[in-house]
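In what follows, a structure is listed as structure tokens, so that the remarks can point back to it.
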Protein chains: 2
Amino acid sequence: MREFVIFSRIGKTNAHWKNLHDAGRLDIVHECIVASLFLSHGIRKNVVFHAVLNGPPNPPLHLKICGEKLHNVRTDQQTWTQILKKVLSRKQHPGINVSKTSFEALIRIKAQNSQIYVLEENGKDINQIQIAENPVFILGDHVGLPKKVETFALRFGQKVSLGKKPYLAAACITILNYILDRKK
Amino acid sequence: MREFVIFSRIGKTNAHWKNLHDAGRLDIVHECIVASLFLSHGIRKNVVFHAVLNGPPNPPLHLKICGEKLHNVRTDQQTWTQILKKVLSRKQHPGINVSKTSFEALIRIKAQNSQIYVLEENGKDINQIQIAENPVFILGDHVGLPKKVETFALRFGQKVSLGKKPYLAAACITILNYILDRKK
């Protein structure tokens, strides 16, 4: 099992928006969902994706997507616009749960059974660490993790880096999935 | 310099469409553009991206995007819906050229000065080859390269593989960029 957690500073916490970009950059959350869970013509059953949305009007909202149970999905933005509108209206979709869990509460729970890694450009090189079983990776959105949130996460985890390039959040996830795939 | 070429079987060759997905999966071309050219808050100046669109009504169309000259862009789908509509109407955008060059003609030109690599799951492991300077990587869309096109490309290049997982086209590009970044 591998898990990815994205902290979305401004992701809208209701379904009253016209498109993912204007919904507090839920387009980035969509890209991260695809990078986490999708292969060509298949879903990664061993991945759990989390987004904690901290935008108006009702933060925080914890979106949890389990690859094992997810179906009726494609990768495209139209599909995910519909799915995210649905679950943000508190309707059901297979494999997706929405709750009021905060980022801090989620990290505390995860840290009980998993090694937490916080993605930071100035962290320890990913190629120089032994990634634990069932790792949990924490990422920020396009602005990065707020300082307080990062400090909190680092009480439970360690900083890791993919190198000197500042990759997009979804690219970080794609690269992490690749690195983990190659370790098997 | 590094170049990526995506062969799009059905990508529309005019601007008469409502959204990227329904335009012969130009959403995949968009994802590949982002994976090729974008870092967080920056553009890769050393990347050239090519898409050869083979959909109706006027195939082939060669779209060439130079990171060095590209500006006025963001990563999101709205931005690229507008840009692709613009250039497919034969209007100008900085860093983007559209021509009637076919895939075969493009490969012949590229092979004169560059090593061509064709992404295939059953190719030689990327970690076991020495990637040449100024590499050109050929990828298919969500259906993969048509057999004839692949056979043609392999007259000029060699098969390489990212491993056993069938990655999405854009994910392949993200991973290739990462591998090349780490080699420097």
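The values are calculated or read from the model by the stated rules, or taken from the named source; none is laboratory data. None of these values were measured; they are calculated from a predicted model. Neighbour counts run over all protein chains shown; Cβ positions are idealised from the backbone, glycine included. Surface accessibility is based on the protein's heavy atoms, side chains included, excluding ligands, DNA and RNA. Shrake-Rupley method; radii C 1.70, N 1.55, O 1.52, S 1.80 Å.
Scanning segment B:67-78 for residues that are surrounded by fewer than 18 Cβ atoms within 10 Å (Cβ to Cβ) and farther than 22 Å from B:Asn14 by Cβ, we see that the one that is farthest from the other protein chains (Cβ to nearest Cβ) is B:Lys69.
In segment A:173-184, which residues are without any contact (Cβ under 8 Å) to a residue 60 or more places away in the chain and out of contact with any helix residue (DSSP H, G or I) (no Cβ under 7 Å at 6 or more places or on another chain)?
Result: A:Asp181, A:Arg182, A:Lys183, A:Lys184.
Picking from residues in segment A:49-61 that are open to solvent by 10 Å² or more (accessible area, probe 1.4 Å) and out of contact with any Phe, Trp or Tyr (no Cβ under 8 Å at 6 or more places or on another chain), the one that is nearest to the other protein chains (Cβ to nearest Cβ) is A:Pro56. Within segment B:136-157, the set of residues being under 15 Å from the mean Cα position of the chain (by Cα) and over 19 Å from B:Ala111 (Cα atoms) comprises B:Asp141, B:His142, B:Val143, B:Gly144. Is it fair to say B:Ile6 is under 25 Å from A:Asp141 (Cα atoms), within 14 Å of chain A (Cβ to nearest Cβ) and touching a strand residue (DSSP E or B) at 6+ places or on another chain (Cβ under 8 Å)? So B:Ile6 does not fit the description; no. When each of B:Gly163, B:Gly144 is tested for being out of contact with any Pro (no Cβ under 7 Å at 6 or more places or on another chain) and without any contact (Cβ under 8 Å) to a residue 24 or more places away in the chain, the lone residue that passes is B:Gly144.
Does at least one position in segment B:32-40 carry a residue that is facing chain A (nearest Cβ under 8 Å) and among the aromatic types (Phe, Trp, Tyr)? Yes - at least one qualifying residue is present in segment B:32-40.
Kindly evaluate B:Gln77 against the criterion of being modelled with pLDDT of 95 or more and either farther than 26 Å from A:Val34 by Cα or more than 14 Å from the chain's Cα centre (by Cα) (or both). So B:Gln77 does not fit the description; no. Applying the criterion of being open to solvent by less than 60 Å² (accessible area, probe 1.4 Å) and assigned to a helix (DSSP H, G or I) to the residues of segment A:137-155, the residue that is farthest from A:Ala171 (Cα to Cα) is A:Phe152.
One line per residue, one yes/no per condition, for (1) at pLDDT below 95; (2) within 14 Å of chain A (Cβ to nearest Cβ):
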site: B:Glu120; (1), (2): yes, yes
site: B:Asp125; (1), (2): no, yes
site: B:Ala132; (1), (2): no, no
site: B:Leu139; (1), (2): no, yes
site: B:Val143; (1), (2): yes, yes
site: B:Pro146; (1), (2): yes, no
site: B:Leu154; (1), (2): no, no
site: B:Leu162; (1), (2): no, yes
site: B:Lys165; (1), (2): yes, yes
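Within segment A:89-106, residues that are within 20 Å of A:Leu145 (Cα to Cα) and modelled with pLDDT of 95 or more sit with their Cβ atoms under 6 Å from residues that are part of a loop (DSSP other than H, G, I, E, B) and open to solvent by less than 40 Å² (accessible area, probe 1.4 Å), at 6+ positions apart or across chains, in these pairs: A:Ser102/A:Pro60.
Once segment A:171-180 is narrowed to residues that are more than 8 Å from every other protein chain (Cβ to nearest Cβ) and of a type in the set (A, V, I, L, M), the residue that is surrounded by the most Cβ atoms within 10 Å (Cβ to Cβ) is A:Ile173. Of all residues in segment B:14-29, those being open to solvent by less than 10 Å² (accessible area, probe 1.4 Å) and either away from chain A (no Cβ under 14 Å) or β-branched (Val, Ile, Thr) (or both) number 1. For A:Asn19, state whether it is at pLDDT below 95 and either more than 16 Å from the chain's Cα centre (by Cα) or at negative phi (or both). The answer is yes for A:Asn19. Between a residue in segment B:114-136 that is open to solvent by 100 Å² or more (accessible area, probe 1.4 Å) and any residue that is in a strand (DSSP E or B), which pairs come within a Cβ distance under 8 Å, given they are 6 or more apart or on different chains? If the second residue must be in a strand (DSSP E or B), the pairs left are B:Glu121/B:Ser161; B:Asn122/B:Lys159; B:Asn122/B:Ser161; B:Lys124/B:Gln158; B:Lys124/B:Lys159; B:Lys124/B:Val160; B:Lys124/B:Ser161.
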